[in-house]
Amino acid sequence: MPCNMPPGLRMAVISRAHRQGMDARFEAVGLTAAQVRVMRDITDLEHRGVPEINQKDLEKRAHVTHPTMTGLLHRLESKGFVRTMPSPTDRRYKKIVSTEKARQFHQQVASQDEAVFAALCQGLTQQDIDAFYRITEVMLSNIPEPT
């Protein structure tokens with residue numbers, strides 16, 4: 001790759017490579033990287049003790065539109081990884097919960113994500129990887145909240 005590649009293109013190429021690596025690892029299960037990411041967000045919110053997870057929470061967290069998240073959740077529900085039900089506190093929303101199948105799958109997802117990331121980081125020192133995390137943490141905090 002040329003060294004003069006613009007930063008936006010660099011991030012897009014890395015993101016695409018990560019997504020393709022995850023897609024390849026979960027193809028046999030019938031999941032995409034985007035679906036795995038949504039399952040991870042749901043599991044993370046559940047572990048944090050969030051009493052009720054709804055689609056709007058997931059849209060903000062993933063920085064995606066309502067139609068995109070609707071499609072992801074429908075596919076996850078049809079595959080048995082999440083359940084949706086009317087919210088008992090606000091009927092405008094659906095409450096989303098992970099199933100036992102998703103909870104069992106969570107550990108496998110974490111290890112596969114680490115493996116794909118490690119493959120992308122070949123040739124980097126631990127100091128380089130730590131710098132990557134510090135830099136991207138600041139960049140992520142600079143992303144405005146969706147309205």
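The values are calculated or read from the model by the stated rules, or taken from the named source; none is laboratory data. Remember, predicted model here, so these are calculated numbers, not experimental data. Note that each Cβ is placed from the backbone with ideal geometry, even for glycine, and that neighbours are counted across all protein chains shown. Accessible surface areas use protein heavy atoms only, side chains included; no ligands, DNA or RNA. Shrake-Rupley method; radii C 1.70, N 1.55, O 1.52, S 1.80 Å.
Summary of computed values
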{"read-out": "Top-ranked residue of the range 88-116 - restricted to ones that are among the small types (G, A, S) and crowded, with 16+ Cβ neighbours inside 10 Å, ranked as nearest to M22 (Cα to Cα)", "value": "A102"}
{"read-out": "Complete set of residues in the range 49-88 that are of a type in the set (D, E, K, R) and assigned to a strand (DSSP E or B)", "value": "R83"}
{"read-out": "Counted residues, the range 118-147 - those being open to solvent by 50 Å² or more (accessible area, probe 1.4 Å) and either in contact with a Leu (Cβ under 7 Å, 6 or more places away or on another chain) or assigned to a helix (DSSP H, G or I) (or both)", "value": "16"}
{"read-out": "Qualifying residue in the range 4-13 (condition: under 23 Å from Q107 (Cα atoms) and part of a helix (DSSP H, G or I))", "value": "no"}
{"read-out": "Selection from the range 12-56 of residues that are free of Cβ contacts under 8 Å to residues at least 60 places away in the same chain and in contact with a Leu (Cβ under 7 Å, 6 or more places away or on another chain)", "value": "A34, Q35, V38, D41, I53, Q55"}
{"read-out": "Residue list for the range 57-87, filter: touching a residue at least 12 places away in the same chain (Cβ under 8 Å) and open to solvent by 80 Å² or more (accessible area, probe 1.4 Å)", "value": "K60, R61, H63, R75, R83"}
{"read-out": "Scan of the range 30-48 for residues that are loosely packed, with under 13 Cβ neighbours inside 10 Å and part of a helix (DSSP H, G or I), ordered by number", "value": "H47"}
{"read-out": "Residue check, R103 within 27 Å of A24 (Cα to Cα), basic (K, R) and at pLDDT below 90", "value": "yes"}
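Okay, residues lined up against (1) over 16 Å from the mean Cα position of the chain (by Cα); (2) modelled with pLDDT of 90 or more; (3) at positive phi:
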residue	(1), (2), (3)
C3	yes, no, no
G8	yes, no, no
A28	yes, no, no
T32	no, no, no
D41	no, yes, no
G49	yes, yes, yes
I53	no, yes, no
G71	no, yes, no
